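The values are calculated or read from the model by the stated rules, or taken from the named source; none is laboratory data. Not measured: the values here are computed from a predicted model. Positions of Cβ are generated from backbone atoms using ideal geometry, with glycine treated the same way; all protein chains shown enter the neighbour counts. Only protein heavy atoms, including side chains, enter the accessible area calculation; ligands, DNA and RNA are left aside. Shrake-Rupley method; radii C 1.70, N 1.55, O 1.52, S 1.80 Å.
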Amino acid sequence: MTRALIFGLGGVGCIYGYILQQGGVEVTAVCRSNYEQVKANGVTIRSAKWGTVTARPHAARSPKEAAQYGPFDYILVCSKAFPGTSELIRDAVTGGTAVVLAQNGIGIEAEYAAAYPSNTMISGVVYLPTTQVEPGVVEHGTPLERFEIGSYPSLAGSAAEDAVTKLAELFAKGGGTCIAYDDVQAQRWEKLSVNASLNPITALSLCDDANFLRSSPGALEVAKDVMREVGAVAAAYGYHGVDKATIDRHMLRHEQRVNGKEPSMLVDVRQNRPVEVEAILGYTVRLAEKQNVAVPYLRMLYTLTKARNFAIVQSDEWKPIARVS
Ligand SMILES: NC(=O)c1ccc[n+]([C@@H]2O[C@H](COP(=O)([O-])OP(=O)(O)OC[C@H]3O[C@@H](n4cnc5c(N)ncnc54)[C@H](OP(=O)(O)O)[C@@H]3O)[C@@H](O)[C@H]2O)c1
């Protein structure tokens, strides 16, 4: 039987755990603040796609405790993409484990590849508007659900390709949508163009996506300007997919929402939690600088979001919780 560990049982982790369990996988989850509820009641998902469904993963407090349910064929990292967190899963990684990053951002794989050089690495791009509304209870309000995956690096060999193909099959068996790509970095840049724009804009304005876009006549073009900058950085690295058609298509999805969605960065700001400022903006700005691509909007958003994050991490509400930095 295939065994998977979900590290980070939040919005995305709960749903991916559910899909894999439906696909016949034995699922274990490392839980933090929702441990008691998940241990007692499992996970409840209120989904526009599947209705109200439940999953019952083995609940563990740490990867060390989780290891009793291993060895794991896959570890899905579904925590927020913060630099320096690759060590957190070490106690659950064995030789046959494929490490799957189900996270937003760009350039996030290198740290894991360096930490686990002998393991297969799978990079995953998540389209899944979801929020954990109470411990172990997740809302998935629109039916969008797509996981785009590929090995890291691309063309990593047949073992990695097999692991990618098998994961896509398990998702399909579990009622999910998982698409395998030869080079998933193209998809990562495309998703980044949305995240680097709407995540900081909504987090800083405290306005959900649809409401931001209808908040002033210039709002849509500003959001697209940021996406165009990401497109220019991507092109400097050989990825030309973030073009006008792609930008218009993505923005239309957000414009058409009657009830807006709060991107995860806005949810984190509201809850006074650290935000993925480096994975989404910092790495992008640094990649732009390396190729001399001018990114004034991104630099401004990076600086302001970094300040927002600084204020959160320094705050008194933050310190006693002792979360991962
Ligand atoms: N949510 C969305 O709509 C969405 C859509 C697309 C992509 N994404 C991306 O998907 C990734 C996951 O996002 P999310 O929204 O699912 O995040 P989330 O709801 O904040 O969940 C992250 C989970 O990781 C847990 N965690 C963090 N550090 C941990 C540790 N050391 N030990 C155990 N658990 C730990 C957190 O526990 P606590 O609850 O105790 O903090 C939380 O349950 C992010 O990269 C995000 O940008 C999210």
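The dipole here belongs to the chain: it is taken about the Cα centre, uses +1 on the Cβ of Lys and Arg and -1 on the Cβ of Asp and Glu, and is about 480 debye.
Just want to confirm a number: the relative contact order over the chain, from Cα pairs under 8 angstrom separated by 6+ residues, in percent. Walk me through the intermediate numbers first.
On the way: 627 pairs, mean separation 49.7, N = 325.
Averaging sequence separation for qualifying contacts and normalising by length gives 15 percent for the chain.
Protein heavy-atom accessible surface, 1.4 Å probe, per residue over the chain: 42 Å².
For region 210-276, which chymotrypsin sites (Phe, Trp or Tyr not before Pro) are both in a DSSP coil and crowded by at most 16 other Cβ atoms within 10 Å? For chymotrypsin sites (Phe, Trp or Tyr not before Pro) across region 210-276 that sit outside H, G, I, E and B with at most 16 neighbouring Cβ atoms in 10 Å, the list reads Tyr237. Peptide packing for 154-160, 120-126, 266-272 was compared via the average number of neighbouring C-beta atoms within 10 Å per residue; ordered from the highest value, the list is 120-126, 266-272, 154-160. Using a 1.4 Å probe over the heavy atoms of the protein chains, calculate the carbon and sulfur portion of the accessible area of region 20-123 as a whole percent. Solvent-exposed carbon and sulfur of region 20-123 make up 48 percent of the total.
Taking the DSSP beta bridges with both ends in region 3-183, the antiparallel portion is around 35 percent.
Positive end of the dipole of region 148-207 (Cβ unit charges, origin at the Cα centre): among Ser151, Ala163, Ile201, the Cα lying farthest that way belongs to Ile201. Hey, for a label at Asp243 modelled as a point 7 Å past Cα toward Cβ, could you say which residues of region 197-234 have their backbone N under 20 Å away? Correct set: 224-234. In region 125-202, the portion of solvent-accessible area held by carbon and sulfur atoms comes to 54 percent [1.4 Å probe, whole percent, DNA, RNA and ligands not counted].
Any chance you could run the full-extension gain for Ser33 through Ser118? It's 0.36 nm times the residue separation minus the Cα-Cα distance, nm to one decimal. Mind dumping the intermediate values first?
Working: separation 85, 0.36 × 85 = 30.60 nm, distance 3.17 nm.
Roughly 27.4 nm would be gained on extension.
Placing a pseudo-label 7 Å from each Cα along the Cα-to-Cβ vector at Ala48 and Phe310 gives an inter-label distance of 3.8 nm.
Going by accessible area, probe 1.4 Å, with all protein chains left in place, what is the ranking of Arg3, Arg299, largest first?
On the way: Arg3 75, Arg299 135 Å².
Listed by decreasing accessible area, they come as Arg299, Arg3.
Here the scattering of the chain is modelled by Debye summation over its C-alpha atoms, one equal scatterer each and no solvent; at q = 0.12, 0.13 Å⁻¹ the log10 of I(q)/I(0) is -0.81, -0.96. What is the distance in Å between the Cα centroid of region 116-175 and that of region 48-103? Using only Cα atoms, the two centres lie 12 Å from each other.
Across region 4-98, the mean sequence separation of Cα contacts (distance under 8 Å, 6 or more residues apart), normalised by length, yields a relative contact order of 34 percent. Between Ser62 and Asn292, the contour length at 0.36 nm per residue exceeds the Cα-Cα span by 78.6 nm.
Largest accessible area first, the listed residues His240, His140, His58 line up as His240, His58, His140 when surface is computed with a 1.4 Å probe on the assembled protein chains.
Gain on full extension, evaluated as 0.36 nm per residue between Ala110 and Leu144 minus their Cα-Cα distance, stands at 9.4 nm. Would you work out the relative contact order for region 3-183, in percent, from Cα pairs under 8 angstrom that are 6 or more residues apart? Value for region 3-183: 24 percent.
Run the helix sum for the chain: -39,500 (n - 2.57) per DSSP H stretch of 4+ residues, divided by residue count, reported at 222 nm to the nearest 500 deg cm²/dmol.
Theoretical 222 nm ellipticity from helices: -13000 deg cm²/dmol.
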